[in-house]
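Down below is the structure, laid out as structure tokens.
The values are calculated or read from the model by the stated rules, or taken from the named source; none is laboratory data. Everything quoted here is computed from the prediction, not taken from an experiment. All Cβ positions, even for glycine, are placed from backbone atoms using ideal geometry, and neighbour counts span all protein chains on display.
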Amino acid sequence: MFSKTEIRALNSLGCSLITVNEEGKRQAEGLTIFLMLHCGKPLYNNLLWANWKARLLQNVIIVGNSFKNMELNIPHRIMEEEASYIIKILPYVTEVPVKNNFVHDDIFNNTSIHCFPACNLEEVQRIFWDSSPEPIYEKDAEIILKKEATLETM
């Protein structure tokens, strides 16, 4: 939660704050940076689902956990269950690892910047975008669902 002073400062910079739990299902109508450090796979997955059109996805920049590392380190079955949209978009994402300059090399060591350039997305056939069911998660997935959210958890 942000203090009133922090909210005023962010608003003065032209930033808007999300005040409800959208479960990551925010559409990027304009160029939008999503700061998602250490978020669970379902949150990234929901963000991708909400923007599952080339015209929307090219507006998305994600600063967060490396998709490539997820693919390498998490069993495919779990990725299919919790992050199928990450798997689908991997061939078309441009991922740039962020160099860890912290004293402790075990924090933010998996951070990357992800973008979805229009030139990559133009290669994708239309059928790729057509089948896009809304993700559904089990209660124990790495996400706080709307019906579970309270002021203390947001």
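Observations, loosely collected:
- Residues satisfying the stated conditions in region 29-58, i.e. small (G, A, S) and in contact with a helix residue (DSSP H, G or I) (Cβ under 6 Å, 6 or more places away or on another chain): A54
- From the list E29, E6, E23, the lone residue that is among the acidic types (D, E) and under 24 Å from N65 (Cβ atoms) is E23.
- Of everything in region 114-128 that is assigned to a helix (DSSP H, G or I) and surrounded by 15 or more Cβ atoms within 10 Å (Cβ to Cβ), the residue that is modelled with the lowest pLDDT is F128.
- Evaluated against (1) of a type outside the set (F, W, Y); (2) closer than 16 Å to N45 by Cα; (3) surrounded by 15 or more Cβ atoms within 10 Å (Cβ to Cβ); (4) at pLDDT 80 or above, I144 falls short on exactly one condition, (4).
- Qualifying position, being surrounded by 14 or more Cβ atoms within 10 Å (Cβ to Cβ) and of a type in the set (G, A, S), among G30, G64, G14: G64
- Filtered residues of region 76-106 (kept if among the basic types (K, R) and within 14 Å of S66 (Cα to Cα)): K99
- Any hit, region 78-91, residues being over 14 Å from S132 (Cα atoms) and assigned to a loop (DSSP other than H, G, I, E, B): no
- Single unsatisfied condition, A50 versus (1) modelled with pLDDT under 95; (2) surrounded by 12 or more Cβ atoms within 10 Å (Cβ to Cβ); (3) out of contact with any Ser or Thr (no Cβ under 9 Å at 6 or more places or on another chain): (1)
- Top-ranked residue of region 116-137 - restricted to ones that are touching a residue at least 40 places away in the same chain (Cβ under 8 Å) and of a type in the set (A, V, I, L, M, F, W, C), ranked as farthest from E80 (Cα to Cα): A118
- E80 being closer than 25 Å to E122 by Cβ and surrounded by fewer than 15 Cβ atoms within 10 Å (Cβ to Cβ): no
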